[in-house]
1. Full extension from ALA247 to SER111: what is 0.36 nm times the residue separation minus their Cα-Cα distance, to one decimal in nm?
2. Amide H of LYS665: which non-local residues (sequence gap of 5 or more, or other chain) have their own amide H closer than 5 Å, using H built in the peptide plane?
3. Testing the spin-label approximation: label points 7 Å from Cα along Cα→Cβ at SER503 and THR758. State their distance in nm.
4. So, in nm, how far is label LEU744 from label LEU692 when the simple model puts each one 7 Å beyond its Cα toward the Cβ?
5. Within the accessible area of the range 403-443, what % is carbon and sulfur when the probe is 1.4 Å and the other protein chains stay in place?
6. Please compute the modelled spin-label separation between MET193 and ASN774, points set 7 Å along Cα→Cβ, answer in nm with one decimal.
7. Report the FRET efficiency, 1/(1 + (r/R0)^6), for LEU312 and GLN33, where r is their Cβ-Cβ distance and R0 is 22 Å, rounded to 0.05.
8. How much length is gained if the chain between ASN236 and SER179 is pulled fully straight, taking 0.36 nm per residue apart and subtracting their Cα-Cα distance, in nm to one decimal?
Amino acid sequence: MKAYDTTRHYRAVELDKILEKLASHCAGEEAAQLARSLEPSSDLNIVASLLRQTNDAHMLTARFTSPPFGGLHSVSGSLRRAAAGSILTMAELLRIAQVLGSIRNIRDWRSRSEGVQTCLDTLFMSLTPNRFLEDKIKTSILSEDEIADSASSELASIRRKIRAAQSKVREQLDKLIRSTTYQKYLQDSIVTMRGGRFVVPVKSECRGSVAGLVHDTSSSGSTVFIEPMGVVESNNEIRVLQGKEEAEIERILAALSVEAGDFAEGIIRSHEVMVELSLIFAKSNLAYSMKATLPLMNGEGEIELRKSRHPLIEPDKVVATDIRLGTDFDTLVITGPNTGGKTVALKTLGLFTLMAMCGLMIPAAENSRLSVFQNVLADIGDEQSIEQSLSTFSAHMTNIQSIIGQANRRSLVLLDELGAGTDPVEGAALAMSILEHLHGKGAKIAATTHYSELKSYALNSSGVENGCCEFDVATLRPTYKLLIGVPGRSNAFAISEKLGIPSLVIERAGELISAENHRFEETVEKLESYRRTMEEQKSELEQIKNEAEDARSVALEQKEKSARERERQLELARADAKRIVDQARRQAEALLDELDALRKLKADTEANTLATMAKQELRSKIKDMEDLADPVNEREKAQYKLPRALKAGDAVLIYDIDKKGIVLKPLNSQGYVEVQAGVIKTRVKLDNLRLLPQEKVTVNNKSTGGRNTKDVLQKTASMDLDIRGQNVDEAVMELDRFIDSCTLMGLNQITIIHGKGTGALRAGIHTHLRRHPNIRTFRLGVYGEGEDGVTIAELK
């Protein structure tokens, strides 16, 4: 009886239709049948485990698409028969091979996503591929009625002999049908087969003219099919060979069946796991089709659905609604007009609970909450039964009597149109009594009704709350939104007036209603008006809040992006500056060594003084370059306008890093100015420069004074030689002077900038470098050095 009741209650909230949808996503009939027979679990731990499996499958599907479950046939029976010694057919063996291929494909699919750990890994790891048996079956059996010649050497030999014998018979019969002697006796000049033997069609009246065995006669009797005596022996040989072929095929199938039987248990276990995985991923695919999310489960009877959408209503017609139960109240009384969505709200409440208890995700917003229940009991729909002589009211009461007997504190009870179908006064009183009784048992209850007495009961009872389905009187249409905390209005007068009922009739009907009912309806109307005003204000505030949050998110993202870019540029600047400082340090060390040697040769006071001054000057240079190699944080830019356009030679301040420099090239089309700051040559945005008064600006601790800026700057980059624009002869002369100078300074490496162009200058320089006595080796630059436009040479 209980199983029947459970099925009826589940069907009342349409769980069976959801399970049928789930079955349509399964691979194979066994998985589909398993989906249709799913039973909700009342154990919170089991439900949590089922939902974790579905969620992990949902995540894997999103990242790696669904696993390939093709070829998931039912092979357990065939494998058990093989294990018992039976010989399987070719079709059965092929299905086993397809299952083995599916097992292998699923394992391969999971191995491609090994970086992600899930609770399904145990199931995936328990799959046991058998490539040896799979390949052996697939190479031996071509189709359900054809076995390959390569299945065995004996079979290949027999089939060669059969083909040779058949060819011999055909040759003999071809000669016969082409013979002028026999052509006049033949009905057609063809060779055909009857009973597996080669024959020729002979006219009935000429049957005595062709010696041989008659195997068949045409339906009209005008033709007989004769096997000429000359080919009888050859046909006999073919029949013998065909018998051997059948015996060899039987032996091959027996051998394959034995091998399948040896691995039967492992294949059956893997097949069962495949069916289970197919069901889990079917749940995931169903969730994708419904745009479902993972509910938060509890065992306290608390339900809070956010923007829930009934999955059996068309997506373009369903209205998302919020439903709450079991938090600050245990009983929800829903009122409102017919077709307003009351029953849909009840079914959504029960259906989502049962779906979650089956391990299914629900079409609702994130962080929706559901509870597990021992019983989900529903009295929804018309239970009238002609066979049992039950009226609608009697049928409802019979069902409610069963619900009262099963309900407890771990039950969810759903009652549609409670107390309907009888006298309104008695029906309302009976409905209140039923709700009180079920509430006293601790059950969580949601009930729909039209009785105004139940609205008052909900207002005056602890743990009981009113709810209504919103109705737009202006359009005479329900909005299908469930409002909790607000009793519903009948709207009968307003609807009737909109439909054209005379106002005198409406006014008289109002007079017939008691003053108490008038006051109640007026109070409800005021509450509804306040609610709508609050809803509008809340919606406006939500919109403002969302816009502010969006703007804040964009601003934070831009700030983080700017900070990352700034840090990246600083790192690049530090790296470039460090490289230049290292080069300068090597030059300085070489010069210091020369000065020390000079001091040893000339011990007079003047030489020592000059050496000391040179050391101090070089150390000062190195300190300046080290400071530049570690840029300070940028300062905030203040409002500033240049008094005039910048030109080459102007002294400027790079504002954000507080460094002085000299303009090398004025503003370009991209808005940048080329500036020399210490040993660094860089491009700076125009708004980041401040024009300094005309003064002597120190670059690399040497005053420019009246000297040419270009000359000074060329000396600060003594490891680079720029020969672009020169012909080969001029460049070679300049290069020789440069190499001699660098050799005297003790440098190990130089950079020659010749540009890309036609390559003639580069080729001439390379030819000269190969013969130069002071060059150890050379190469073209790489990315970041200038690539083919520069040559890096190593000095001896």
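The values are calculated or read from the model by the stated rules, or taken from the named source; none is laboratory data. Because the structure is predicted, anything quoted here is derived from the model rather than measured. Please note: Cβ atoms are built from the backbone with ideal geometry, for glycine as well, and neighbour counts cover all protein chains shown. The accessibility values were calculated without ligands, DNA or RNA, using every heavy atom of the protein model including side chains. Shrake-Rupley method; radii C 1.70, N 1.55, O 1.52, S 1.80 Å.
1. On the way: separation 136, 0.36 × 136 = 48.96 nm, distance 4.28 nm.
44.7 nm is the gain from fully extending ALA247 to SER111.
2. Amide H to amide H, under 5 Å and 5 or more residues apart or across chains, LYS665 pairs with GLU674.
3. 10.2
4. Simple spin-label model gives 3.1 nm for this pair.
5. Numbers: 980 of 1730 Å².
It is 56 percent, rounded to a whole number.
6. 9.6
7. Working: r = 22 Å, r/R0 = 0.98.
That pair, LEU312 with GLN33, gives E of 0.55.
8. Values: separation 57, 0.36 × 57 = 20.52 nm, distance 2.39 nm.
Result for the pair: 18.1 nm of gain on full extension.
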